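Below is one structure, written out as structure tokens; the observations come after it.
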Amino acid sequence: DDFSKASISTEQMQHINEIMTLFNNELNNENSIFKFQKINAIFTLLIYEVIEIFTEKNLQKIENLSRAQIITSQFFNLLNTNINQQKGVEYFAEKLNITPKHLIHSVKTITKETPRKLINKMVLTEAKKRLENSDTCIQKIADEIGFSDASSFTKFFKRQQGISPKDFRSFAKLG
């Protein structure tokens, strides 16, 4: 994963080492009246330096992303935060200020799947998690994940999973 590590320049490393030396000197300085305040300030400086390095690296990576990658990333962010309320491709396209056709094309280019399929997968995953990990009634789960009623939730679940939510829960409890 490119975002899990960052290579830093020699200059940046020297700068961080200078800050660490200053930090260690203050840590070992027993005669300072403001020892705690100085250490806190130096530590804050170190944190800001590290954040700046990572921000700089990530901005370079974002600049190299295609428009389709950016749209797909924004779609997944919206999907994660709105999975329990909205389920339509039109909703997500409107939030991204693009047409549904453009959203479909962008997401399919990057993921090889349509937004509708990804939405359904995410809703199904959430439904299965709730069915496996709680005894909440099916109607309440349907409400919690944004279905108008238990019947439409059951139809969706059965179409996606091949069995009813009730049967899925029974099998999950056995295994």
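Let me make sure I get this right: for the chain, a, b and c are the square roots of the gyration tensor eigenvalues over alpha carbons, sorted descending. Under 1.5 in a/c it's rounded, otherwise prolate if a/b > b/c, else oblate. Which is it? Since a/c reaches 1.5 and a/b is larger than b/c, the shape of the chain is classed as prolate. Protection proxy ranking of 9-21, 38-50, by the mean of other Cβ atoms within 10 Å over each peptide's residues and highest first, is 38-50, 9-21. Look at the dipole of segment 44-175 built from charges on Cβ: of Val50, Ser164, Ile98, the Cα furthest out on the positive end belongs to Ser164.
In the chain, helices alone account for a calculated mean residue ellipticity at 222 nm of -24500 deg cm²/dmol, with every DSSP H run of four or more residues adding -39,500 (n - 2.57).
Basic side chains Lys and Arg get +1 at the Cβ, acidic Asp and Glu get -1 at the Cβ, and with that the dipole of the chain about its Cα centre reaches some 1340 debye.
Here, each number is a calculation from the coordinates, and none is a lab measurement. Only a predicted model underlies this, so the values are computations on that prediction, with no experimental measurement involved. Every residue, glycine as well, gets a Cβ built from its backbone with ideal geometry; the counts of neighbours run over all protein chains shown.
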